[in-house]
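Bear in mind these aren't lab numbers, they're just calculated from the coordinates by the rules spelled out. Because the structure is a prediction, the values reported are computed rather than measured. With ideal geometry, Cβ positions are generated from the backbone for all residues, glycine too; neighbour counts draw on all protein chains shown.
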Amino acid sequence: MPIDTPRGAPEVIAKLALERADVERRFGLRFAPVDNDLSPAVMALGRLAGGTLIGFAKVELDPSPGVEVVQFGGPAPEPRDVVSELLEDTGLTWDEVTWLLPPRGEP
């Protein structure tokens, strides 16, 4: 299914212990350059079974390992719910999540 250009500001909700090549190989996604004011970045878009549009992003100059999981603007579900759906759809585990955005409204 083709994916429309996301609307709204992207929000990083998690980081996975996967690299760009892992995402491409395991999920059949391809990364493309995106506009980023800080440094060159690439992103691959995917749609979860429930219809949630997410991105896998990598800032190319960031030396830390892993790819970020990005959610787009609009009425956004809690980060934990989106990541749970991602894990269920892909067979990944919580052990592969290295960082998760706290629930909205918490400091």
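Taken together, the residues in segment 87-100 that are touching a residue at least 60 places away in the same chain (Cβ under 8 Å) and of a type outside the set (D, E, K, R) amount to 6.
Which members of segment 18-32 meet the condition of being without any contact (Cβ under 8 Å) to a residue 24 or more places away in the chain and either among the basic types (Lys, Arg) or farther than 19 Å from Pro63 by Cβ (or both)? Residues satisfying the conditions are Glu24, Arg25, Gly28, Arg30, Ala32.
In segment 4-17, which residue that is in contact (Cβ under 8 Å) with a residue 60 or more places away in the chain and of a type outside the set (A, V, I, L, M, F, W, C) is nearest to Pro65 (Cα to Cα)? Per the stated criteria, the residue is Lys15. Highlighted here are the strands (runs of 3 or more DSSP E) found entirely within segment 23-89 that include at least 1 residues which are of a type outside the set (Asp, Glu), within 15 Å of Pro10 (Cα to Cα) and in contact with a helix residue (DSSP H, G or I) (Cβ under 7 Å, 6 or more places away or on another chain): 41-47, 53-59, 67-71.
The set of residues in segment 60-79 being surrounded by fewer than 17 Cβ atoms within 10 Å (Cβ to Cβ) and of a type outside the set (S, T, N, Q) consists of Glu60, Leu61, Asp62, Pro63, Pro65, Gly73, Gly74, Pro75, Ala76, Pro77, Glu78.
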